[in-house]
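What follows is a single structure, written as structure tokens, with notes after it.
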Amino acid sequence: MDTSTIPVSTPLPRPDSVPVHGARRRVVVTGGAGFLGSHLCEALLRRGDEVVCVDDLSTGRRENLDGFFADPAFTFVQADVSEAFVIDGAVDAVAHLASPASPPDYHRLPLETLAVGSRGTENALKLAVAHRARFVLASTSEVYGDPLVHPQTEDYWGNVNSVGPRSVYDEAKRFAEALASAYARTESADVGIVRIFNTYGPRMRPEDGRVVSSFVVQALNGDPLTIYGDGSQTRSFCYVDDLVAGLMAMLDSTEAGPVNLGNPHERTVRELADLVLTITRSVSPIDHQPLPVDDPTRRKPDITRAGAALGWVPQVDAEDGLRRTVAWFAARPQAVALAGSVLAGPQTAELPAPPRGEPARAS
Ligand code: NAD
Ligand code: UDP
């Protein structure tokens, strides 16, 4: 275990007044060097909290934290949370985001994904219990699998293939939810579960293979946009700032959840491709690839509970969010060019789906 901490010197701009939620807190963010985690660290620092980011950099990047190292309120601990790890000092809240999240990442890291959902979640829970700290689990819409209820409400139990290639992620998160719920019952842990639906924005790894970053990279490079299947499958895309506002609201509340966090505007993958082409003014063609095994047919959150329990409603529409995302990627032409060649290699399309209705085989 490497518990190296990085020294800090120049602070981020701090609020003059007391943070809106009351007192300054010390928040541990596992997976804080990742896409969502780095935005959460930034939002917590901006409102005046202290942040301890714990990350093994397996799918996250040190550069996501570049803006925070100079802040004395920020500490980075490089560690695998599936192994024992030590956090010195007070802990008021733990946001447990550590986990591969992109399908190509969890296909590449199946055992690590199961480990961080199980052992990693238990280690993070034990840390929270030891400090009587609030614990928020970043779960996922994947717990609903290929849903038979639409839109997905939190009381829907899901339709998950427990032995298919996606199961390493879906079942790890389902286990993590069960574990967190058991700690709430047996240890009186202050647990909150959020189920995050597809979220996008700046700091996504350009080559990580998720649909928004892939389409943006391909469009900017003039490469074909790889649509898996016929593109009629749907997703509901949430801009990262909205999602982080929901995570903060959950950290500040005593709500147990599970609570869906996502933008309920549903669109097909084909519609997303067309929107990206319009925003980037790209003339890239469409390249249809086989649909991956167990790729959910449709996905849309019912966010009634998030509105009632947290007062949370997403604010950023897809056109605005995608413009901000495209601008961020366009400002990094070298990384985008490099990612283009990675995306042109084998991705999840290596795992073609059986015809619907037939059981999928584990790969
Ligand atoms: P990401 O891959 O960018 O970030 C995950 C971070 O966790 C990375 O920095 C990675 O290095 C770190 N990590 C992984 N295993 C670890 C371990 N064993 N120990 C320490 N650190 C580890 O992914 P993301 O999109 O930022 O997702 C963050 C969380 O939100 C994940 O738990 C994911 O399941 C959940 N989530 C994200 C989305 C989304 O659309 N972005 C949707 C649903 C759920
Ligand atoms: N997808 C696609 N082309 C890509 C990447 C993904 O058509 O280059 C599809 C994928 O098959 C899925 C949707 O886009 O139907 C969302 O995929 P992503 O990996 O972003 O997230 P998921 O919701 O599957 O976890």
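Please treat every number below as a calculation from the coordinates, not as lab data. Treat the numbers as computed from the prediction; the structure is a model and nothing was measured. For neighbour counting, all protein chains shown are included, and Cβ atoms are generated from backbone atoms with ideal geometry for every residue, glycine included.
I'd like the full set of residues that are hydrophobic (A, V, I, L, M, F, W, C), assigned to a loop (DSSP other than H, G, I, E, B) and within 7 Å of ligand 1 (Cβ to nearest atom), limited to segment 21-55. Break it down into steps so the answer makes sense when it comes.
Of segment 21-55, the ones hydrophobic (A, V, I, L, M, F, W, C) are 23, 27-29, 33, 35-36, 40-41, 43-45, 51-54.
When the remaining residues are screened for being assigned to a loop (DSSP other than H, G, I, E, B), the result is 23, 33.
Hit for segment 21-55 is 33, nothing else.
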Filtering segment 277-302 down to residues that are touching a helix residue (DSSP H, G or I) at 6+ places or on another chain (Cβ under 8 Å) and over 25 Å from residue 147 (Cβ atoms), which residue is surrounded by the most Cβ atoms within 10 Å (Cβ to Cβ)? 280
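Is there a residue being part of a loop (DSSP other than H, G, I, E, B) and closer than 30 Å to residue 92 by Cβ anywhere in segment 270-288?
Within segment 270-288, the first condition is being part of a loop (DSSP other than H, G, I, E, B), and the residues that meet it are 281-285.
Still in the running and closer than 30 Å to residue 92 by Cβ: none.
No, segment 270-288 contains no residue that is part of a loop (DSSP other than H, G, I, E, B) and closer than 30 Å to residue 92 by Cβ.
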Confirm whether residue 154 is of a type in the set (D, E, K, R), assigned to a loop (DSSP other than H, G, I, E, B), in contact with a strand residue (DSSP E or B) (Cβ under 7 Å, 6 or more places away or on another chain) and farther than 23 Å from residue 290 by Cα. yes
Within segment 83-90, can one find any residue that is farther than 24 Å from residue 245 by Cβ and buried (at least 18 other Cβ atoms within 10 Å of the Cβ)? yes
Which numbered condition trips up residue 193, out of (1) surrounded by fewer than 21 Cβ atoms within 10 Å (Cβ to Cβ); (2) in contact with a Leu (Cβ under 6 Å, 6 or more places away or on another chain)? (1)
If residue 176 passes every condition in (1) farther than 17 Å from residue 28 by Cα; (2) away from ligand 1 (no atom under 11 Å from the Cβ) but one, which one does it miss? (2)
Applying the selection to segment 316-348, what residues are polar (S, T, N, Q) and either in contact with an Asp or Glu (Cβ under 7 Å, 6 or more places away or on another chain) or more than 16 Å from ligand 2 (Cβ to nearest atom) (or both)? 334
The one condition in (1) closer than 23 Å to residue 246 by Cα; (2) in a loop (DSSP other than H, G, I, E, B); (3) of a type outside the set (Val, Ile, Thr) that residue 58 fails to fulfil: (1)
Out of the residues in segment 157-188 meeting the condition of being in contact with a strand residue (DSSP E or B) (Cβ under 8 Å, 6 or more places away or on another chain), surrounded by 23 or more Cβ atoms within 10 Å (Cβ to Cβ) and among the small types (Gly, Ala, Ser), tell me which one is farthest from residue 233 (Cα to Cα). 180
Take the residues of segment 192-210 that are in contact with a Lys or Arg (Cβ under 8 Å, 6 or more places away or on another chain) and under 22 Å from residue 158 (Cα atoms): which is farthest from ligand 1 (Cβ to nearest atom)? 192
Of all residues in segment 117-148, how many are within 10 Å of residue 94 (Cβ to Cβ), small (Gly, Ala, Ser) and within 14 Å of ligand 1 (Cβ to nearest atom)? 1
Applying the selection to segment 89-112, what residues are touching a strand residue (DSSP E or B) at 6+ places or on another chain (Cβ under 9 Å), closer than 22 Å to residue 126 by Cα and in a loop (DSSP other than H, G, I, E, B)? 89, 90, 91, 92, 97, 98, 99
Residue check: is residue 128 touching a strand residue (DSSP E or B) at 6+ places or on another chain (Cβ under 8 Å), closer than 30 Å to residue 297 by Cβ and crowded, with 22+ Cβ neighbours inside 10 Å? no
Filter segment 71-128 down to the residues that are away from ligand 2 (no atom under 16 Å from the Cβ) and of a type in the set (Lys, Arg), then identify the one that is farthest from the chain's Cα centre (by Cα). 126
Could you please find all residues in segment 127-159 being over 15 Å from residue 176 (Cα atoms), of a type outside the set (Lys, Arg) and in contact with an Asp or Glu (Cβ under 7 Å, 6 or more places away or on another chain)? 129, 133, 145, 146, 151, 152, 153, 159
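Condition first: among the polar types (S, T, N, Q) and more than 13 Å from residue 125 (Cα to Cα). Now tell me which residues in segment 59-88 satisfy that.
Of everything in segment 59-88, those that are among the polar types (S, T, N, Q) and more than 13 Å from residue 125 (Cα to Cα) turn out to be 59, 64, 75, 78.
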